[in-house]
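All remarks here apply to the structure that follows.
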2 protein chains.
Amino acid sequence: MNKKKITLPDNEIPRQWYNIQADLPNPIPPPLNPATNTPISPDMLSAVFPMNLIEQELSTERWIDIPEAVLEKLLMWRPTPLYRAYALEKALDTPARIYFKNEGVSPAGSHKPNTAIAQAYFNKVFGIKRIATETGAGQWGSALSFACNQFGLQCKVYMVRISYNQKPYRKMLMETWGAQCVPSPSPDTNAGRKFLAENPEHPGSLGISISEAIEDAVTSKDTRYSLGSVLNHVILHQTIIGLEAQKQMASINEYPDIIIGCAGGGSNFSGLALPFVRDKINGKKVKVIAVEPASCPTLTKGPYIYDFGDTAETTPLLAMHSLGHAFVPAPIHAGGLRYHGMAPIVSRLLVDGLIEAKAYTQLQTFAAGVTFARTEGFVPAPETNHAIACAIEEAKKAKEEGKEKVILLNWSGHGIMDLAAYDAYLSGKLEDSAMGDDEIQKLLQDLSKYPKPK
Amino acid sequence: MNKKKITLPDNEIPRQWYNIQADLPNPIPPPLNPATNTPISPDMLSAVFPMNLIEQELSTERWIDIPEAVLEKLLMWRPTPLYRAYALEKALDTPARIYFKNEGVSPAGSHKPNTAIAQAYFNKVFGIKRIATETGAGQWGSALSFACNQFGLQCKVYMVRISYNQKPYRKMLMETWGAQCVPSPSPDTNAGRKFLAENPEHPGSLGISISEAIEDAVTSKDTRYSLGSVLNHVILHQTIIGLEAQKQMASINEYPDIIIGCAGGGSNFSGLALPFVRDKINGKKVKVIAVEPASCPTLTKGPYIYDFGDTAETTPLLAMHSLGHAFVPAPIHAGGLRYHGMAPIVSRLLVDGLIEAKAYTQLQTFAAGVTFARTEGFVPAPETNHAIACAIEEAKKAKEEGKEKVILLNWSGHGIMDLAAYDAYLSGKLEDSAMGDDEIQKLLQDLSKYPKPK
């Protein structure tokens with residue numbers, strides 16, 4: 001019998017996270033204070049994040065211990081199974097061996113709880129009682145609600161109003177875990193009240209929600225803010241994915257030729273890829289591909305600049321590939337990939353040639369997702385479909401070349417809460433989505449005045 | 001580190017199903033032809049089911065081999081993990097050790113694919129090209145859609161119209177797997193046209209949907225009908241749950257004192273319980289509890305009679321506990337438990353005192369479900385909440401008695417597609433639901449004229 005699932009026993013769960021900042025050929029440029037264009041100091045962030053997470057953000061230690069209390073929670077669904085996609089391989093008639101790491105088995109259905117649990121824990125031990133955050137489509141908000149519930153913290157989620165109205169299930173999930181979820185702009189903050197005064201039915205935006213959550217954190221007692229991607233400590237917490245995958249691949253004497261992950265803010269891609277990028281830095285041959293939507297082509301089209309992390313210009317300037325913090329991506333179903341920037345770590349790896357990037361249109365990704373659902377059975381999230389589209393392309397290439405490539409992709413989450421998107425695709429109502437050349441040229445011109453990292 | 005998940009490697013998946021018909025102290029009475037009240041012969045069912053499944057239905061062989069092709073598909077998500085519910089135990093401050101078998105990890109999110117895969121396979125090898133079925137809330141329809149897709153069979157699902165309109169996501173899931181799902185009554189069958197002529201907006205019922213699916217099966221080329229619970233062969237396919245659980249419990253030197261499963265048609269309960277009931281027949285001490293809704297108290301209140309399996313009186317008469325085939329249960333969210341009858345095997349075990357039964361109200365079960373979601377993290381299906389309510393009650397009893405009871409429950413599926421029910425519960429809008437004594441007395445009087453099994 002062929003081995004379909006490669007599991008890892010609970011007692012082999014990795015005990016340390018991998019911090020690629022120890023191994024980067026070129027360190028990531030420091031975040032800048034936008035008022036002075038000088039590097040910010042750790043204590044400037046202390047009203048927003050607890051100091052123990054700020055220390056992780058800046059650390060260059062290669063290995064950082066995962067606390068026992070965090071491991072205990074991660075064991076609720078980790079180690080996640082690694083699957084061999086036999087049925088997909090057969091449908092593609094490819095000599096490639098395709099593996100996927102199933103992060104959809106977490107209680108929230110995606111990789112997001114890996115960092116939500118860690119962040120809730122570090123806030124807890126720092127004495128924080130309450131966390132405020134923003135959410136767009138709701139994946140991060142639900143993951144953090146789950147994690148706060150696990151550690152007895154209060155959680156308030158500012159959810160972009162248009163998503164709040166369109167996606168009531170995510171809000172219900174947050175409330176089932178005991179969190180408070182309000183549509184943003186809300187009457188609960190100065191920022192929210194300002195936008196509501198302009199328009200009582202304001203649809204909201206991620207930028208506004210971030211402003212509300214940060215304001216809440218810095219003005220409320222024992223409260224801090226939490227972010228679900230982009231930052232170094234978030235990416236650190238996700239590396240458990242790749243560390244597990246390395247053990248699982250080794251247990252069947254495989255090593256991937258190609259690593260694939262979808263990239264919005266960059267944490268899911270990094271989670272799988274960084275432990276393998278470490279091998280690459282140490283001389284191993286492996287192709288590492290970050291996949292993004294053609295409608296939000298941050299890595300494939302965006303310049304490497306200093307830009308704000310949010311639309312409302314409340315964050316420090318980060319050195320990253322960006323389409324500009326004013327950029328509004330098309331309303332594709334892969335809500336988790338609609339971010340104007342990219343994690344500084346991922347951006348730096350692209351600049352240094354250690355990873356590459358590809359973009360696919362919405363219809364290409366759903367075609368891939370349906371192929372996956374009708375072979376491997378599990379219905380992938382719209383974000384995950386980007387990684388699958390790339391894996392299928394690489395598997396076809398392997399067939400043309402007659403090569404037994406080993407492909408490993410990060411199956412970042414399930415699509416059980418995104419079935420309306422599949423319905424739209426199957427009934428021919430889903431719009432394709434990609435930025436035009438003219439649009440990109442204009443954007444690049446606008447971005448040419450942004451500061452460049454050294 | 002405490003072991004949270006007890007996994008079973010792929011190569012230890014059970015290779016045979018367990019058929020309790022070999023071990024029953026009293027065999028189940030034969031199904032009767034309602035026209036003659038005499039036992040039906042196998043060939044009378046051959047227009048409805050393929051002969052290989054009819055043979056399984058009647059078999060008294062103790063062990064039945066699982067074909068390699070079925071095992072290969074089951075390995076997509078099986079063996080399922082067994083979990084120790086440490087957080088729930090801690091919240092209850094109980095000396096009991098609570099284990100749950102997580103059947104929610106299947107692509108369809110419940111235990112239903114265990115038999116859907118087997119049924120699709122046996123239809124396939126019998127030369128059938130297409131399967132027709134009915135579905136209420138949509139769980140069985142989606143499981144069979146998935147299974148038919150895996151074996152390249154066409155699938156048509158007649159979905160009760162009111163559910164079709166209220167629960168569009170389940171329909172979308174079926175279509176994502178390539179099945180056709182129509183609201184029932186439909187214009188596609190004589191039965192459907194008859195009801196539509198009476199009322200073009202007819203809300204439908206499970207009885208009408210069964211009539212449509214059976215008519216489709218017996219009148220269409222190379223088509224058979226498929227049922228998701230109640231029948232012996234369906235229950236047989238589910239025993240893989242309990243067989244895995246036995247291996248997993250043995251691997252940590254545990255044996256359950258109490259086995260708990262929710263029971264609608266009986267297949268999920270049986271799947272976990274029957275291998276342990278075998279031990280009980282052989283002298284082992286174990287308490288086995290089937291849990292049902294107080295609004296549909298088939299086992300706790302219904303008499304043991306010969307009754308139709310469907311409202312439309314198209315099936316043979318089955319010897320079972322029943323509330324009468326005309327009984328319409330309250331519209332509780334646990335749609336999978338809204339069945340008037342109970343599997344003949346489960347009914348017989350209750351008559352013979354090998355199992356017991358308990359009923360809980362809707363509010364009791366959701367209180368349990370929220371406790372579970374806020375401790376163990378995973379959000380359970382409304383059906384599963386019944387088993388959890390019972391497990392919590394037993395764990396509290398163990399505390400009162402100061403006994404280290406080992407409780408094992410079947411976590412039959414996740415509730416990610418049932419969040420509206422949680423929302424109603426948390427906002428105080430969920431109605432409680434239980435049959436009144438008067439209502440039950442009247443029902444028992446009506447049922448007193450039904451034939452009694454010997």
Rounded to the nearest Å, the spacing of the alpha-carbon centers of the stretch A:404-438 and the stretch B:382-399 is 40 Å
Contour minus Cα-Cα span, residue A:446 to residue A:255, at 0.36 nm per residue, comes to 64.5 nm
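Kirkwood Rh and Cα-based Rg: tell me the resulting Rg over Rh for the stretch B:324-454, rounded to two decimals.
That ratio equals 1.00.
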Projected area averaged over all directions for the convex hull of the alpha carbon atoms of the stretch A:207-267, nm², comes out at 5.8 nm²
The cysteines in the protein assembly as shown that find no other cysteine Cβ closer than 4.7 Å to their own Cβ are A:181, A:262, A:296, A:390, B:181, B:262, B:296, B:390
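For the protein assembly as shown, what does the helix formula give at 222 nm: sum of -39500 (n - 2.57) over DSSP H segments with n ≥ 4, over the residue count, nearest 500 deg cm²/dmol?
Working: 36 runs with 364 residues, N = 908.
For the protein assembly as shown, the value works out to -12000 deg cm²/dmol.
Taking the stretch B:170-255 on its own, what percent of its Cα-Cα pair distances exceed 15 Å? Write down the numbers at each step before the final one.
Working: 2621 of 3655 pairs.
More than 15 Å apart: 72 percent of the Cα pairs in the stretch B:170-255.
Please compare each pair in A:358/A:452; A:124/A:156; B:5/B:405; A:167/A:358; A:156/A:221 to a cut-off of 21 Å on the Cα-Cα distance and tell me which ones are over it. Could you put the intermediate results ahead of the total?
Numbers: A:358/A:452 23 Å; A:124/A:156 15 Å; B:5/B:405 19 Å; A:167/A:358 29 Å; A:156/A:221 13 Å.
A:358/A:452; A:167/A:358, as the Cα separations exceed 21 Å there.
Mind checking A:376-388 for the average number of partner chain beta-carbons within 10 Å of each residue's beta-carbon? Could you put the intermediate results ahead of the total?
Details: counts 3, 13, 7, 8, 0, 0, 0, 0, 0, 0, 0, 0, 0.
Counting Cβ atoms of other protein chains within 10 Å of each residue's Cβ and averaging gives 2.
Using r as the Cβ-Cβ distance of residue A:427 and residue B:15, and R0 as 60 Å, what FRET efficiency do you calculate, to the nearest 0.05?
Values: r = 42 Å, r/R0 = 0.70.
In this case the efficiency is close to 0.90.
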At R0 = 45 Å the Cβ-Cβ FRET efficiency linking residue A:313 and residue A:363, nearest 0.05, sits at 0.85
Output row for residue B:41: copy-to-copy label distances, label 7 Å along Cα→C-beta, ascending, in nanometres, one decimal, is 9.5
Kirkwood Rh for the stretch B:93-162 from C-alpha pairs, in Å, is 13.3 Å
Distances in nm between the label point of residue A:400 (7 Å along Cα→Cβ) and its equivalents in the other copies, shortest first, are 7.1
Note on the stretch B:1-130: C-alpha Rg/Rh, Kirkwood Rh, two decimals, gives 1.08
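Consider all pairwise Cα distances in the protein assembly as shown and report the whole-number % of them above 46 Å. Could the numbers behind the result be given before it?
On the way: 106828 of 411778 pairs.
Beyond 46 Å sits 26 percent of the P(r) for the protein assembly as shown.
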Given 20 °C, 1.002 mPa s and a Kirkwood radius over Cα pairs, the Stokes-Einstein diffusion coefficient of chain B in µm²/s is 98 µm²/s
Expressed in angstrom and rounded, the centroid-to-centroid distance over alpha carbons for the stretch B:207-286 and the stretch A:80-159 is 32 Å
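Averaged over B:157-169, how many beta carbons belonging to a partner chain fall within 10 Å of each residue's beta carbon? Before the final figure, lay out each step's value.
Numbers: counts 0, 0, 0, 0, 0, 0, 0, 0, 0, 0, 0, 3, 8.
Mean shielding by partner chains, rounded to a whole number: 1.
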So, in nm and shortest first, the distances from residue B:351 to its counterparts in the other copies, with label points 7 Å along Cα→Cβ, work out as 7.8
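Stretch residue B:125-residue B:38 to full length: gain in nm at 0.36 nm per residue minus the Cα-Cα span?
Details: separation 87, 0.36 × 87 = 31.32 nm, distance 3.11 nm.
Gain on stretching residue B:125 to residue B:38: 28.2 nm.
State whether the stretch A:219-368 is rounded, prolate or oblate according to the following rule on the C-alpha gyration tensor (a ≥ b ≥ c being the square roots of its eigenvalues): a/c under 1.5 gives rounded; otherwise a/b larger than b/c gives prolate, and the remaining case gives oblate. Show your work: numbers first, answer last.
On the way: a/c = 1.76, a/b = 1.37, b/c = 1.29.
Cα axes put the stretch A:219-368 in the prolate bin.
Rule-based calculations on the coordinates, nothing more; no lab input. Every value quoted in this text rests on a predicted model; they were computed, and no experiment measured them. Please note: Cβ atoms are built from the backbone with ideal geometry, for glycine as well, and neighbour counts cover all protein chains shown.
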